[in-house]
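Please read the structure below before turning to the comments.
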Amino acid sequence: MESTSSSSSSYIIYRPEKLKRCHVFDFLLPWRILKGSGHVESSHHHEDYQGSIETHWIAFLTCVIQKILLLINRPLSFLGFTLEFTLNFFSLNGGILKLIARILTGSSLVIPDPESAEYRSFLGHLDGRIHLYRSSSAPSCIDKTPATSKIKGITPLELCMMAAKIAYDNPAYVKNVVTNHWKMHFVGFFNCWNEFLIDKTTQAFIFCDRPKNAQVIVVAFRGTETFNAKDWCTDVDLSWLSMGEMGRVHLGFMKALGLQDEKDCVKGWPKDYRGDKELAYYMIREKLKTLLQKNKDAKIIITGHSLGAALATLFPALLIYHQQHSILTSLFGIYTFGQPRVGEKQFGSFMEAQLNANFKRYIRVVYRFDIVPLGFPSMIDFQSSLTLEAASTTMAGTTHRC
């Protein structure tokens, strides 16, 4: 599958950190050439897109948004920590009234530990559910989904929905929920490196339905954290890289998975990684190989929400790229929630053919008019067709709007 053709080196990269006020004219005038302006890099295999003023404005605004996000990264992170700590301080002490009573009576106060199993994220406070769904009155979007077919008594969509939700919390919290509430086997939590953001910005965890003779292995990627500006930068990046016959793919999402060269997919995605960094794709791939050696009949499910959903979609694409048949043959399905578009039409067609050939379940759940999965109404050139979405239940994937 790996190719050394020239198409593998086709790319467009936007550099928001190099954006200056004078560059506004590059985007305002559709006949201006963006390449060579300092904030846009393009391969010689791809002509600079000279579209409408609207598409140029979208590119300009996203670069401005990224630049602002990079500037406010630290204060936003501090705001998030303060808010989460405050919410946990109140909740762990029984709420405002009980907290006041504790202070007045001189009782000891519980000081939140951000790494403890009781410490919830901001999103965990918005939705505190941790138990798997047990009622007969399932939400309509789940009840009507073909994916409710079970694996050894486990409903994949239900399990993935909860796994994608708790992925936003810390490792101890996730382990506690998987082990003590779901009564399953927690394998590990992965905090992985992004070579281009120079930080550990990608998180995922793996668990099985049981410690031995497992029937189900779940990989859940964390989505965009509310107060993580670097995550938001990844989401709004319009840069792309060609993957040869697979088509063009969102560059920011691939960087989050462990891409090593942003201008060449062959160098960026070597089949075997020899470095010492903890890269999401390679770490999780090797962990799955080890688990399958011990649990030969297990089926793998990959899931995530938002940014995590994008990574959950691209992860099997890289498995196909590297011809990892031992994992692909055990792949039961992909279940994503609020997934942004990850590749152009060619990529979607390629993946659809692969899904039909290898497994039948690609379920994409979105909430009606959510702008994240719908994408902006008009993106530049290839961005306008960024998608991996099948239109009906007769195809490899199904989109369900709740």
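Values quoted throughout were computed directly from the atomic coordinates according to the rules given, and no laboratory measurement underlies them. Keep in mind that what you see is a predicted model, and the values were worked out from it rather than measured. Every residue, glycine among them, receives a Cβ derived from its backbone with ideal geometry; neighbour counts consider all protein chains shown.
Given a Förster distance of 41 angstrom, what is the FRET efficiency for residue 297 paired with residue 131, based on the Cβ-Cβ distance and rounded to 0.05?
It comes out at approximately 0.90.
Show me the ranking of peptides 155-164, 205-214, 65-74 by mean Cβ neighbours inside 10 Å, starting with the highest.
So the peptides 155-164, 205-214, 65-74, ranked by packing, come out 155-164, 205-214, 65-74.
May I ask you to sort 259, 83, 197 by Cβ crowding, counting other Cβ atoms within 10 Å and putting the fewest first?
83, 197, 259
Can you check what the net charge comes to around residue 113, using other residues whose Cβ is under 14 Å from the Cβ of residue 113 (Lys, Arg +1; Asp, Glu -1)?
Every neighbour counted, the sum reads -3.
If packing is taken as the mean number of other Cβ atoms within 10 Å per residue, what is the order of 116-123, 100-107, 236-243, 180-187, highest first?
Highest mean packing first, the order is 236-243, 116-123, 180-187, 100-107.
Quick one: grab the alpha carbon gyration tensor of segment 225-283, order the square roots of its eigenvalues as a ≥ b ≥ c, and give me rounded if a/c is under 1.5, else prolate or oblate depending on whether a/b is larger than b/c.
Oblate.
What residues of segment 219-262 lie in the reach of a label at residue 79, counting those whose backbone N is under 18 Å from a point 7 Å from the Cα along Cα→Cβ?
224-236
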